[in-house]
Amino acid sequence: MTTVYERRAAPAVAPPARRSPAGVVLALLWAGAAAVLALWWTDTGSVVGAAGWLTGAGRIAGLLCGYACAVLVGLMARVPLLERRVGSDRVARWHAMAGRYTVCLLLAHVGLILAGYAAQDGASLWHETVTVVLDYPEMLKATAGTVILLAVGVTSARAVRRRTSHEFWYYVHLLTYAAVFLSFGHQLALGNDFNGNTAATAAWYALYLGVAALVLWFRVLAPVRLNLRHRLRVESVHREAPGVYSVVVHGRRLDELGARAGQFFRWRFLGEGMGWTSTPYSLSAPPRRDRMRITVKALGDHSTAVALLRPGTRVWAEGPYGSLTGDRQSSPKSLLVAAGVGITPMRALFETLPGEVTLLYRARTAEDLALGGELEALARWRGAKVLYALNGPDGRRPNLSAPALRSAVPDLAGHDVYICGPHGFARDLYEELRAAGVPDRRIHHESFEL
């Protein structure tokens, strides 16, 4: 047990739930796409013949692809409004969807434009491709950007990603910036909708420069400022359960970070060969003025190496991120459900959520229960309840069906339910909670399954 902080009394009454701005953000993104289509519509006269229809469709795909590239990069900027209010998991899913749209639009743009040009010139598709790539302005750079973006798309496919390391995927993904930079000149040089249209050109520059400013500030300057200001270092490492370790990080004025129970940081440990990898880990205790704590299960090379960290190791952190916080609470009663290492944000919320709180902890065996001593102490301190769902002696899994949940947690439908665990577990539990009468708006979880 590694309780290293003084406990603070949780508020007795739940504050009003804050509404997510996700709907407004999505509406703005789709409005931008509509504005791009309007640009093509107002700039296009009549469309004549097969070549004209092919070229026109290619122009539409190209404009939407250029807009999608800006959205794609903007969603990677880690803007606090999105990461903390909309939720990092939802933003990650939006980013993945925008990536699929971008690749499809890119392929459609290339194929349709080349087919239209070939039909117009009466040339073969191969001859037209060579001519466009070698003779048209900005096309060599655009071709390089296309190849890079397609490579990023391939490595992001679920079947490929499962077979590659996180580090390889991460650094290939960063090439998206290079792909967008290389293709930007082509959009303005050959885009008929921008030639002679000063307002459209200015709007396109504003879009891309605005996104670049977001990336520069939130991905580069803000993390540099955070780490220079707070000077994070590893204070200690503690074993919690088989393969599970807690890392206590010491720093200056950490209360100024504004971190909340339930949130996470992206951590880079500058030692033990771990400096090249940035990995998200949730806080496993409420942050204090000079300390934060994470709890990590050894699931890969990086998480396994966490157990070997030495006191004094410098830490580079980015965040806080995530919206699985008390801001989602709308009822004076809450049920926290954790599976495996998903106990980490639930442990922090168990201490800080106001009102009546019950914790349900799913693990294979009693030996796999991390932070169990702390959970029992917190339950006694605040008069809360901890329920354990362990496999039976024969390995049979516990019953977490809707009737079983209603029996274990009276008035379940009147609770806010927070879930953290593997994607399959969270999906199945969600279905059981809905069957038990819990409204969708009161089921809160973050899932990074793309």
Exercise. Place +1 on the Cβ of every Lys and Arg and -1 on the Cβ of every Asp and Glu in the chain, take the dipole about the Cα centre, and give the residue among S156, L353, L299 whose Cα lies farthest towards its positive end.
Key: L353
Quiz item: At q = 0.10, 0.11, 0.15 Å⁻¹, what log₁₀ I(q)/I(0) does a Debye calculation on the Cα points of region 167-300 give, no solvent, two decimals?
Solution: -0.51, -0.59, -0.86
Practice problem: Would you order K333, K297 from fewest to most other beta-carbon atoms within 10 Å of each residue's own beta-carbon? | Solution: K333, K297
Practice problem: Quick one: angle between helix 423-435 and the longest Cα principal axis of the chain, in degrees between 0 and 90, rounded to 10, please. | Solution: 70
Practice problem: Kindly identify region 250-392 as rounded, prolate or oblate by the Cα gyration tensor criterion: order the square roots of the eigenvalues as a ≥ b ≥ c, call it rounded if a/c is under 1.5, otherwise compare a/b with b/c, prolate if a/b is larger, else oblate. | Solution: oblate
Quiz item: In terms of the ratio Rg/(2.2 N^0.38 Å) built on C-alpha atoms, what value belongs to region 231-321?
Solution: 0.97
Quiz item: Sorted from fewest to most neighbouring beta carbons within 10 Å, what does the list R380, R288 look like?
Solution: R380, R288
Practice problem: Please get the size of the charge dipole for the chain, origin at its Cα centre, with Cβ charges of +1 on Lys and Arg and -1 on Asp and Glu, quoted in debye to the nearest 20. | Solution: 1500
Exercise. Report, to the nearest 10°, how far helix 22-43 tilts away from the longest principal axis of the Cα atoms in the chain, using its own Cα long axis and a range of 0 to 90°.
Key: 0
Practice problem: Neighbouring Cβ atoms within 10 Å as the yardstick, rank F181, F425, F168 fewest first. | Solution: F168, F181, F425
Practice problem: Determine the percent antiparallel among the DSSP beta bridges restricted to the chain, to the nearest 5. | Solution: 55
Practice problem: Evaluate the charge dipole of region 231-321 about its Cα centre and quote only its size in Debye, nearest 20, assuming +1 on the Cβ of each Lys and Arg and -1 on the Cβ of each Asp and Glu. | Solution: 260
Exercise. Would you mind estimating how fast region 109-225 diffuses translationally, via Stokes-Einstein at 25 °C and 0.890 mPa s with the Kirkwood radius over Cα pairs, in µm²/s?
Key: 147
Practice problem: May I ask for the angle, rounded to the nearest 10°, between helix 88-121 and the longest principal axis of the chain, with both axes built from Cα atoms and the value confined to 0 to 90°? | Solution: 10
Self-check item: Positive-end residue, the chain charge dipole about Cα centroid, Cβ charges, pick of T129, L28, T279
Solution: T279
Quiz item: What net charge is computed for the residues neighbouring A339, neighbours being all others with C-beta under 12 Å from the C-beta of A339, Lys and Arg scored +1, Asp and Glu -1?
Solution: +3
Quiz prompt | Diffusion constant of the chain at 25 °C, which comes from Stokes-Einstein with the Kirkwood Cα-pair radius and 0.890 mPa s, µm²/s | solution = 100
Self-check item: Inter-centroid distance (Cα atoms) of region 398-434 relative to region 230-300, Å
Solution: 29
Quiz item: Which lysines have a Cα lying under 23 Å from the Cα of K333, excluding residues fewer than 8 positions away in the same chain?
Solution: K385
Quiz item: How large are Rg and Dmax for region 22-225 when only the alpha carbon atoms are used, in Å?
Solution: 17.8, 58
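Every number in this text was worked out from the coordinates using simple rules, so none of it is lab data. Bear in mind that the values here come from a model prediction, so they are computed numbers and not experimental data. Here the Cβ is made from the backbone with ideal geometry for all residues, glycine too, and neighbour counts use every protein chain on show.
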